1. Once the Cβ-Cβ distance between residue C:80 and residue B:127 is put in as r, and R0 is 45 Å, what FRET efficiency do you end up with, to the nearest 0.05?
2. Under 5 Å between amide hydrogens, which residues at least 5 positions from residue C:141 or on another chain qualify, with H placed 1.01 Å from N in the peptide plane?
3. On alpha-carbon atoms, Rg over Rh for the range B:41-89 using Kirkwood Rh?
4. Enumerate the calculated ³J(HN,Hα) couplings along the range C:265-277 in order (Karplus 6.51 cos²θ - 1.76 cosθ + 1.60, θ = phi - 60°), each rounded to whole Hz, writing x wherever the residue is Gly or Pro.
5. How high is the relative contact order of chain C? Use alpha-carbon pairs under 8 Å, at least six apart in sequence, and give a whole percent.
6. Residues of the range B:56-83 with amide nitrogen under 12 Å from the 7 Å Cα-to-Cβ point of residue C:208?
7. Divide by every residue of chain B the summed helix terms, -39500 (n - 2.57) for each DSSP H run of at least 4, and state the resulting mean residue ellipticity at 222 nm, rounded to the nearest 500 deg cm²/dmol.
8. For chain C, what does -39500 (n - 2.57) per DSSP helix run (n ≥ 4), summed and divided by total residues, give at 222 nm, in deg cm²/dmol to the nearest 500?
Amino acid sequence: MIDLFVQQLVNGLALGSTYALVALGLTLIFGVLLIPNFAHGEFYMLGAFLTYAMVLAGMNFWLAMALAVGAVILLGCLVDRLAFKPVEQAPPLSMMISALAASIILQQSAMLIWGGEARTIPAPVTGVLRTPFFIVTWMQLIVMASLLLAAAGVWLVLNRLRLGLAIRAVAQNRDAALLMGISMFQVRLATFAIGAALGAIAGALLGATFPIYPTMGVNPVLKAFVVLVLGGIGSLPGAVFGGLFLGVVEVMVAGYISSELSDIGAFAILVAVLLLRPQGFFGQAQVER
Amino acid sequence: MSLLELEKLGVRFGGLVAVQDVSLAVEEGQIYGLLGPNGAGKTTLVNMISGLIRPTSGSLRFAGEAGGPWPIADAVSRGIVRTFQQTRAFLGLSVRENLRIAAAASGRAADAAELIEAFGLGPVLDRPAGDLPYATLRHLGIALALTLKPRLLLLDEPAVGLTGGEVDRLARLIRDWNLRGVTVLLIEHNVRFLMSLADRVAVLDRGRLLFEGTAADCQRNPEVIDVYLGRRKEDA
Amino acid sequence: MPRTDLLRVTVAAVALFLVAATLALRLDDYLLYVVTLGAIFATLAVSFDVLLGYTGYLSLAHGALFGVGAYACGILTAHHGWPFWAALPAAGLVAGAAGAVIALLAFRTRGLYFAVLTLGIGLIGHQLFLVLAGLTGGVGGFVGIPSPGRPDWVPLDQNGWNALLALALLLATFLAAQLFVRSRLGAACLAVREDLTLAQALGIRVGQARLAAFVFSAIFTGFAGALFAAISNFVAPESFTVLGAGFQLVALVVVGGMGTLWGPILGAALLTALPEALRVASGYSLMAYGVLLLVFVIFAPRGLASLATAGLARLRTGAGFRAAPAGERRP
């Protein structure tokens, strides 16, 4: 028989996987470049909408998703050039304001192109897997598998590639890294590319299950900030486990208490964690910003 | 009775002992010099006296009142005021705004006109502090501290990076205000500058008090010469 | 000198208020409504500038505080029969109290963490407006809020009276903010913004200063919310979102010029008038906010105020235009 609790747990892990994917990109960009990228939610949203547009034009979902990810990577690097690079030397407040502005601009662009109403991407894979204890859709499984693949991929890039070494060096100590001759240009580009790609993948996959709309990135990016705080800024395992945890909590609150309270629950966690444990549960020392 | 008495003041950060059992006394009206190589714990000691960090052992008396060190705001209200290494000001604001803030911080601000005159800030009153020449910025930093009418002024390396003429001018200013009743605790690397001003000197080495006495005795002390003065002379 | 300076500012502000009110009352009802809303947003921007511009903290909870003021006014007038003139100060106090609680929590963090924390609080606030439907009317909105009472001797219709009240609130907020930033607390706030460590070393009670700034801005944000509710007769949660009202406040203040108090009024005027003047759909207005905000934060971080000052100086001296130095610091 289906156990309600186990079923909720599975649903929570599936939801949490998208949060974790978004949070991975956000934490990477913040951990390495110290950019609070509020526009990360729009990378996610555009990943969904670009996939939608191409699927609508008759393209295969997976091909569309790959192209969308590529396009969002380009866009991510463009956003870095236009919005973040120019305020690099300015006080941190400027960076935050710039990020907010970038987020609104991308969101409103999507609003102008596609309009405000919700749309759905036809799911590439349908059907469910029935087990004795719970039911899980194939799409949910794909989302969870993507998180594992993405986390492993990021880990490999950071730990097995020369470029990854450079990225980690910059995250540790930017000035020292520059003195050692590391190209900041490459590191920035790579960090934004990886971060944007993770966001776009999450958006495309979620869009195959849930409705998409131009402001769909707002809540996930805010929740990703919750995850960041939960997991410790710049910590990749923190992002993964924090995202899963948040997803489970939300589904549980919605299931056992009230669906109206699930968002409040998530943001209350944010507030509580920031107050009680601002360094997160996985992170160590953090940057004073 | 001494103005400032440290009784076995010490602090450790984790396992690292930064300052250990430092006891010394600064008399009212003195200029008291604090010497020591880099990392000897001079700034840490000043941070403790001014209330920026809490000591893990020992105590402090100020003007006969026991119970210190106090949190920074309470220290300031008792008349213990510090500057920062190479001094510090509100760089984004004009000199005038800087002085206004310092005056507003204090219930009994010093005469601004007098400080402006003495520290040569008149011509730059409306310029942002961040645009000031190095030496003028130092003067502003000290003027901010003096606005609070300190009884004890803690100066952390005020002469670093100044040219010979600028150092002499700074020395004159410090002596002027000392003659008006401000007791000074001066941390310096520049031995000549410090010796020319200080009535009494303490030398710190690796967190411990190595020497305490008059400036003349200090220059004759073989240990001090060995650890610090000798090395500095080679550098210079 | 500061006292005569304050006198000059007061005289100028009152004169501008009289001119603005005289001109506004000649407009047709639609434009009058635009002016009214513009004045309310300018009020929000001025009070927000005390926190963002003078104290250096980016709060994203102020959209919700605006809502707290609005709902407080709605509940007191529509449900409890209070007159508007009693509900207005009460709404300010409620928002101020909410602001004090938020500030006590949020000031345990700083920088980005402060922004993210207030963002979370702003979202909780918006969700609460939705969830507490018994008090707020939920997603359907709060209907039937009475208009601000108009004395019989006033020779204006309700629209004119609303506009006059909004401009008067703006004037009062501006003068109160001028007093605040010139006070010892205001000086302490500047010190907090510029260099927290040095501020502490000068014996400034930094906790007190920034709490005062937050509560000050919350109270006046609450007043603005109350007037907004009474003028609109209706409020709904979507007026108080983080990325709507909360973001707009940031845009108004930054585009206008942080840390000037009069710059944000310019910003509010420009950003309210621009979409109306261009007669564009509301979809473009948020876009315009975003683009202007980005352009200003990169190219003119001191906002319209600094451009205006530079322009005036140029007119006065007749000299050629000199661009601000590249490394210019922003407040």
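1. Working: r = 56 Å, r/R0 = 1.24.
Computed FRET efficiency for residue C:80 and residue B:127: 0.20.
2. It is none; the list stays empty.
3. Numbers: Rg = 10.7 Å, Rh = 11.2 Å.
When Rh is taken as the Kirkwood radius, the ratio is 0.96.
4. 5, 4, x, 5, 4, 5, 6, 7, 6, 4, x, 5, 4
5. Working: 524 pairs, mean separation 100.3, N = 331.
Result for chain C is 30 percent.
6. B:73-74, B:77
7. Values: 9 runs with 83 residues, N = 236.
The helix-only estimate for chain B comes to -10000 deg cm²/dmol at 222 nm.
8. Numbers: 14 runs with 240 residues, N = 331.
Counting only the DSSP helices, I get -24500 deg cm²/dmol.
Taken together, the values in this text are just the output of simple stated rules run on the coordinates, not laboratory data. The shown structure was predicted, so the numbers you read here are calculated from the model rather than taken from an experiment. Note that we place each Cβ from the backbone using ideal geometry, even for glycine, and neighbour counts take in every protein chain shown.
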